[in-house]
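What follows is a single structure, and I will ask about it in a moment.
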Amino acid sequence: MNIDTSTIVLIAHWTIIFLFALRVIMRRRPVGVSLAWLAVIFSVPLFGVLCYLLFGEKRLGKQRSARIAEILAQAKPWLVSLREHESATNLPKHLCGWPLETHADHVTGIPALKDNSLVLLDHYQAIFDAMIADIDAATRSCRMQFYIWNEGGRGDDIIDALVHAAKRGVVCRVTADGMGSKAFLRGSQVKRLHDAGIEVVTTLTTGLIRSFFVRADLRNHRKIVVIDDRIAYTGSQNLVDPRFFKQDSGVGEWVDAMVRFEGPAVAPLSAIFEADRCVETGEAFTPPVIETQAHDPSGRDESVQVVPSGPGANPEVIHQLLLTAIYAARNELVMTTPYFVPDDAMITALLSAALRGVDVTIILPAKNDSLLVRYASVAHFDDLMSAGVRIAQFHGGLLHTKSITVDGELSIFGSVNLDMRSLWLNFEISLFVYDKEFTQRLKSLQQTYRDQSDLVDLETWRSRPAHHRIAENTLRLFGPLL
């Protein structure tokens, strides 16, 4: 029996689709993610398979995965010493933060550390002023890691400060994400850094051929600054001046916040920077020294737990921990995020919180720089508001601060957005702060955002045009892929 070419092509076509569908099923990822990919593979033949090859799995590459495993093994003795350090603490079980602190300690090996002093910086000018002052005062080392470095404005002031620090003998190291900082890494300021003897390391390098072996959109989204292993910064601020960054996107200036802190919790942040750097350079991991006392004359004693997350050793960690925080809320839950594309588990947790009487408020930017995310995000508004969740839309620019406060006792602050990219694909950094005073300061900042926002009215929302609802609910199906 003769089989014509078209039959062979058809058989090959369906064989490929079947094999990739089977691969999706056997990966045993969240059901929503698996169903979304199956829909793509079957509805857009061949192109859907190509999309899955490029973006369907968390392929870090064999060499990088091996390096991560090697560095984790090298870090284990240091993590043991961190647990035994005098600043390591355990929260009392009656506090709302106890489940989160216990859970985070178990999955990351990093305990909560007391004796820290935190300063919340809520404007980019204050952030850059503080970082430059600390770099100018550095005597030993400056480490800086950002997802986006951008030339111009205050970003150039940081470059100047680093060059001056290197000239007086301070060891300066810079890491930048290969995609987020692509233009910067090819620009003139990097040459200035190199000429000054400053190490510049590209994290997660990209390339067309490489994308078929290593997933191109797995990014290092962390923002970390460590000065002399004594002072640290983290939060949402990229190394960009918002007056010049993405001004053609029509969303206004980006609005960010950072925490500057001193004390024992600086050490885990420094260790994470060095671990990321060593993954790229191939060097052996050298753990930092742990500071014993905070350097704040006011005597504040804030317990901080540093939580790294990403597709390496434990890819589900931050997703699990955010769910723990939401379920731990008894009275109040306030969240700010620029990108809100939660999965079913997080929607269920938020609905559960509101229905059990927790006062839940979510503050989002009114305008977003991603059209797909904008539509996928608002698709959840009706269900959430029907359960009593308040949704506020910020009109003062693109609100980029990522923060959560729980019951006025617990804060989560860092680089994590409430979307699937941050929860599953990006390397992120978060601070879990178990302190009422800091949480009140963060709540005050959240309130300033709320004051510049409009609450979404449920009845008005339901009267929006039908074509908006169709677009929202269609893109909601692809939320797990965004």
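Against the definition (farther than 18 Å from Ala325 by Cα and in contact (Cβ under 8 Å) with a residue 24 or more places away in the chain), how does Ala387 come out, yes or no?
yes
Taking segment 152-175 only, how many residues are out of contact with any Leu (no Cβ under 7 Å at 6 or more places or on another chain) and assigned to a strand (DSSP E or B)?
Total meeting the criteria: 3.
Let me ask you something else. Among the residues of segment 124-141, is there at least one that is outside any loop (DSSP other than H, G, I, E, B) and of a type in the set (S, T, N, Q)?
Among the residues of segment 124-141, at least one is outside any loop (DSSP other than H, G, I, E, B) and of a type in the set (S, T, N, Q), which makes the answer yes.
Sticking with this one: Which one of these is at negative phi, free of Cβ contacts under 8 Å to residues at least 24 places away in the same chain and buried (at least 19 other Cβ atoms within 10 Å of the Cβ): Arg374, Arg356?
On the way: Arg356 fails: buried (at least 19 other Cβ atoms within 10 Å of the Cβ).
None of the others qualify; the one that does is Arg374.
What number of residues within segment 434-445 are under 25 Å from Ile391 (Cβ atoms) and crowded, with 21+ Cβ neighbours inside 10 Å?
2
Within segment 326-420, which helices (runs of 4 or more DSSP H) (wholly inside it) include 3 or more residues that are of a type in the set (A, V, I, L, M, F, W, C), modelled with pLDDT of 95 or more and within 25 Å of Thr102 (Cα to Cα)?
Answer list for segment 326-420: 344-355.
Yes/no matrix, rows are residues, columns are (1) assigned to a loop (DSSP other than H, G, I, E, B); (2) farther than 22 Å from Glu428 by Cβ; (3) aliphatic (A, V, I, L, M):
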residue	(1), (2), (3)
Thr234	no, no, no
Gln237	yes, no, no
Ser249	yes, yes, no
Phe261	no, no, no
Pro264	yes, no, no
Ala267	no, no, yes
Ala271	no, no, yes
Glu274	no, no, no
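Going by the conditions given, is Arg260 basic (Lys, Arg) and either modelled with pLDDT of 95 or more or surrounded by 18 or more Cβ atoms within 10 Å (Cβ to Cβ) (or both)? Show your work before the answer.
On the way: basic (Lys, Arg): yes; either modelled with pLDDT of 95 or more or surrounded by 18 or more Cβ atoms within 10 Å (Cβ to Cβ) (or both): yes.
Spelling it out, Arg260 is indeed basic (Lys, Arg) and either modelled with pLDDT of 95 or more or surrounded by 18 or more Cβ atoms within 10 Å (Cβ to Cβ) (or both).
Considering only segment 201-218, state which residues are under 30 Å from Cys142 (Cα atoms) and at pLDDT below 75. Quick ask: steps written out before the conclusion?
Step one: of segment 201-218, the residues under 30 Å from Cys142 (Cα atoms) are 201-207, 216-218.
Within segment 201-218, Gly207, Ala216 qualify.
Keeping to segment 127-153, report how many residues are of a type in the set (Lys, Arg) and surrounded by fewer than 21 Cβ atoms within 10 Å (Cβ to Cβ).
1
Take Leu95 and tell me if it is within 26 Å of Gln446 (Cβ to Cβ), touching a Lys or Arg at 6+ places or on another chain (Cβ under 7 Å) and touching a residue at least 12 places away in the same chain (Cβ under 8 Å).
no
Checking the condition hydroxyl-bearing (Ser, Thr, Tyr) and either touching a residue at least 24 places away in the same chain (Cβ under 8 Å) or touching a Ser or Thr at 6+ places or on another chain (Cβ under 6 Å) (or both), which residue from Ser6, Ser43, Ser34, Ser87 passes?
Just a single option satisfies the conditions, and that option is Ser87.
Could you give every pair whose Cβ atoms fall below 8 Å, whose first residue belongs to segment 447-459 and is part of a helix (DSSP H, G or I), and whose second residue is among the small types (Gly, Ala, Ser), counting only separations of at least 6 or pairs across chains?
Listed by first residue and then by second, the contacts come to Tyr449/Ala392; Tyr449/Gly396; Arg450/Ala392; Leu458/Ser386.
Something else: For segment 176-195, check the following and say yes or no: at least one residue is outside any helix (DSSP H, G or I) and under 30 Å from Leu95 (Cα atoms).
no
Is it the case that segment 206-226 has a residue that's over 19 Å from Arg154 (Cβ atoms), touching a helix residue (DSSP H, G or I) at 6+ places or on another chain (Cβ under 6 Å), surrounded by 18 or more Cβ atoms within 10 Å (Cβ to Cβ) and not β-branched (Val, Ile, Thr)?
So far as segment 206-226 goes, yes, one or more of its residues are over 19 Å from Arg154 (Cβ atoms), touching a helix residue (DSSP H, G or I) at 6+ places or on another chain (Cβ under 6 Å), surrounded by 18 or more Cβ atoms within 10 Å (Cβ to Cβ) and not β-branched (Val, Ile, Thr).
Just for helices (runs of 4 or more DSSP H) wholly inside segment 1-95: which have at least 1 residues that are of a type in the set (D, E, K, R), surrounded by 14 or more Cβ atoms within 10 Å (Cβ to Cβ) and out of contact with any Cys (no Cβ under 8 Å at 6 or more places or on another chain)?
5-26, 62-84
Quick grid of which residues meet (1) surrounded by 20 or more Cβ atoms within 10 Å (Cβ to Cβ); (2) modelled with pLDDT of 95 or more:
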residue	(1), (2)
Ala265	yes, yes
Ser270	yes, yes
Gly282	no, no
Glu291	yes, no
His295	no, no
Gln305	yes, yes
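Can you tell which of Asp134, Asp115, Asp122 is touching a Pro at 6+ places or on another chain (Cβ under 8 Å), acidic (Asp, Glu) and touching a residue at least 60 places away in the same chain (Cβ under 8 Å)?
Asp115
The values are calculated or read from the model by the stated rules, or taken from the named source; none is laboratory data. As the structure is a prediction and not an experimental result, all values here were calculated from the model. Quick reminder, even Gly has a Cβ in these numbers, built from the backbone with ideal geometry, and neighbours come from all protein chains shown.
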